[in-house]
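J.: Shown below is the structure under consideration.
None of the figures in this text is laboratory data; all of them are computed from the coordinates on show. Not measured: the values here are computed from a predicted model. Virtual Cβ from ideal backbone geometry, glycine too; neighbours counted across all protein chains shown.
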Amino acid sequence: MDESLIELQNSYDEVAEEYVARIFHELAHKPLDRELLDRFAVNVRDLGPVCDLGCGPGHVARYLHDRGVNIFGIDLSPRMVEQARQLNPGIEFKQGNMLSLDAAAKTWGGIVAFYSLIHIPHEKMILALHELKRVLRPNGLLLLSFHLGQEILHRDELWGKKVSMDFIFFERHELEGYLKSAGLVIEDVIERPPYEDVEYQSRRAYIFARKP
């Protein structure tokens with residue numbers, strides 16, 4: 001891995017326990033997220049194994065598992081993977097890098113990537129999406145979410161821990177362009193304002209895209 005990925009991995013290792021405390025139960029306060037995950041579940045149940053990519057503590061994987069999805073999780077942070085395994089018995093979690101996935105081509109029926117592409121630089125996004133397309137089966141479905149905007153927020157400190165993290169925002173048309181360039185077909189785009197007192201106050205977007 002390059003230095004920036006190592007820094008990101010170490011940063012998430014550092015904040016893993018606090019991340020669990022703050023994030024693990026967030027879906028209870030996000031009705032649109034639950035609605036979109038329900039829709040995703042209905043569409044991927046019969047397509048084969050599904051990956052929660054950038055799974056963090058595994059709360060999205062748990063939600064989908066409880067709705068009948070054959071789900072597993074991958075995260076860059078080994079410490080986050082440990083947390084996910086402890087919190088979600090019965091679901092497989094493993095460490096991995098979304099830019100170079102340890103998976104054969106055309107093996108996954110779906111990928112959910114909630115705020116995991118937000119650390120991918122603009123110049124590497126098409127590469128990342130090509131890798132996601134590679135592992136998806138034909139007709140496989142991708143659901144991703146991201147912060148809308150143009151800024152890059154750098155953090156040297158998070159929740160009292162020393163980190164080095166860039167949170168990258170994307171304009172809707174920009175990410176739509178990246179998906180089309182990677183050969184994925186966009187089915188729907190949804191935007192929403194932030195939930196007050198629940199999350200960082202940025203406008204959010206969700207995209208359903210399918211591999212032809």
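J.: Taking the alpha-carbon set of the stretch 115-178, what are its Rg and Dmax in Å?
T.: 13.7, 44
J.: Do the sum for the chain: with -39,500 (n - 2.57) for every DSSP H run of n ≥ 4, divided by all residues, what is the mean residue ellipticity at 222 nm, to the nearest 500 deg cm²/dmol?
T.: The helix contribution divided over the chain gives -10500 deg cm²/dmol.
J.: Among the lysines, which have Cα under 29 Å from the Cα of Lys211 when same-chain residues fewer than 8 positions away are ignored?
T.: Within the straight-line cut-off, Lys211 pairs with Lys30, Lys94, Lys106, Lys124, Lys133, Lys180.
J.: Order 116-126, 145-155 from most to least packed using the mean count of other Cβ atoms within 10 Å.
T.: So the order, starting with the most tightly packed, is 116-126, 145-155.
J.: Could you pull the Cα extents of the chain along its three principal axes, largest to smallest, in whole Å?
T.: 44, 38, 36
J.: Okay, next question. At q = 0.16 Å⁻¹, what base-10 log of I(q)/I(0) does the Debye formula yield for the stretch 59-134 when every alpha carbon is treated as an equal point scatterer in vacuo?
T.: Results for the stretch 59-134 at q = 0.16 Å⁻¹ read -0.63.
J.: Using a Gaussian network model of the chain whose springs link C-alpha atoms within less than 10 Å, name the residue from Gly110, Gly90, Gly48 with the highest mean-square fluctuation.
T.: Gly90
J.: Count charges around His122 for me, please; just the other residues with Cβ under 13 Å from its Cβ, Lys/Arg as +1, Asp/Glu as -1.
T.: So the surrounding residues net to -4.
J.: If I take all pairs of Cα atoms in the stretch 94-212, what percentage of them are more than 20 Å from each other? Could you put the intermediate results ahead of the total?
T.: Numbers: 3098 of 7021 pairs.
Considering the stretch 94-212, 44 percent of its Cα-Cα pairs are separated by more than 20 Å.
J.: While we're on this one: When averaged across all projection directions, what area in nm² does the alpha-carbon convex hull of the stretch 14-70 cover?
T.: On the way: hull surface 16.2 nm².
Hull-based average projected area comes out at 4.1 nm².
J.: Still on this structure: Highest first, please rank the peptides 77-83, 64-70 by the mean number of other Cβ atoms sitting within 10 Å of their residues.
T.: Ranking the peptides 77-83, 64-70 by packing returns 77-83, 64-70.
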